[in-house]
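The values are calculated or read from the model by the stated rules, or taken from the named source; none is laboratory data. Note that the structure is predicted; figures quoted are calculated from it, not measured. FYI the Cβ positions are ideal-geometry reconstructions off the backbone, even for glycines, and counts take in every protein chain you see. Heads up: the accessible areas ignore ligands, DNA and RNA and are worked out on the full protein's heavy atoms, side chains in. Shrake-Rupley method; radii C 1.70, N 1.55, O 1.52, S 1.80 Å.
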Amino acid sequence: MTIASAAVDRPAVRADGTIRHDWSRAEIRALFELPFPELMFRAQSLHRAYFDPTEVQISTLLSIKTGGCPEDCAYCPQSVHHETGVKAEKLMSLEAVLTEARAARDAGASRFCMGAAWREPKERDLDKVCAMVEGVHALGLETCATLGMLTGEQAARLKAAGLDYYNHNLDTSPEFYGEIISTRTYQERLDTLGHVRDAGINVCCGGIVGMGEAREDRVGMIAALANLPVHPESVPINMLVQVEGTPLAGGARLDSLEFVRTIAIARITMPRSVVRLSAGREDMSEETQALCFLAGANSIFYGPKLLTTPNPGCDRDMQLLDKLGMQPMR
Ligand code: SF4
């Protein structure tokens, strides 16, 4: 078959059932170049080997500390470096967080993610977040947090409090990274991921596309994720939400089929991971979202807001899942 070059013929799963962590860029590039129907077929075949393709894991994300972040991530409205009108707020109270968590659980979420706009948590803040993790865990929800960089000791404390997942994204390829963030290095991100993994917390790690990167950077991002020593249990693939006042506002938008391709290649290279169709759904048609599910996405964020940017309301999501004959993963 002419379309299946040698570069895409090494299967993602070895004959003994182990998953590969040795993807070359040439292999990933060749996947991006496959005819769309062939790529989708490969992604769907692997998806069905490990998951029920009708199920979608549902997470809710709450910003527990909004704005005023000293980092300079070019996509982020919460950075103090950009004039976006997002006001810096204090860390939410334990009571307020638990009220939101109860509402999320009652609306059908199985995981509750708490995000704080910090470079890294201070010790006194970590005490408060640990109490939140304990409280959310006691409600019967899976817990997830994204708090910036962590030391090994901080990761161990969060694990002891009952944290199930920690989100820390690689964002993009190592080469393009410097165009997006200057206040922390790619290696610092990898170090935090190592501390989270060592503490026994599940890793949630993905990236953002549509930031003006080249396809080769999407190749590099997938290679960085798929070659981590252990694949992240959860891989969020975000489509940039352009926010006025950030340096990335007004840039060219990524073609939605290229986004679907990126999802499919995340699915193929990390077949046992949950791939999350993450930010950017508000501007996506139902048809594009359906293609993403066909490409192997099997998780969404649920709720009208994603930190500070809009997200489809719960009703709209339930209607879409209903139309597609899909249901929340239990
Ligand atoms: S993405 Fe996170 S670390 Fe970067 S500026 Fe926004 S809140 Fe801060």
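Couple of notes before you dig in:
- Antiparallel bridges, percent of DSSP beta bridges restricted to the chain (to nearest 5): 10
- A convex hull fitted to the Cα coordinates of the chain yields 126 cubic angstrom per residue.
- Hull-based mean projected area of the range 47-196, where the convex hull spans the alpha carbons, in square nanometres: 10.4
- Largest accessible area first, the listed residues E33, E38 line up as E33, E38 when surface is computed with a 1.4 Å probe on the assembled protein chains.
- List S45, S59, ordered by accessible area with a 1.4 Å probe, largest first: S45, S59
- Estimated from helical segments only, the mean residue ellipticity of the chain at 222 nm is -12000 deg cm²/dmol, where each DSSP H run of four or more residues counts as -39500 (n - 2.57).
- Measuring max minus min along each principal axis, the C-alpha atoms of the range 209-287 give extents of 37, 26, 20 Å (largest first).
- Extension gain for V80-L94 works out to 2.5 nm (0.36 nm per residue, less the C-alpha to C-alpha distance).
- Label-zone membership for the range 62-88, site S182, 7 angstrom Cα→C-beta point, backbone N under 17 Å: 70-76, 79-83
- The slack between L324 and T54, meaning 0.36 nm per residue of separation minus the straight C-alpha distance, is 96.4 nm.
- Volume of the Cα convex hull of the range 1-133, divided per residue and given in Å³: 209
- Equivalent-ellipsoid semi-axes of the range 51-98, from the Cα gyration tensor, Å, largest first: 28, 18, 7
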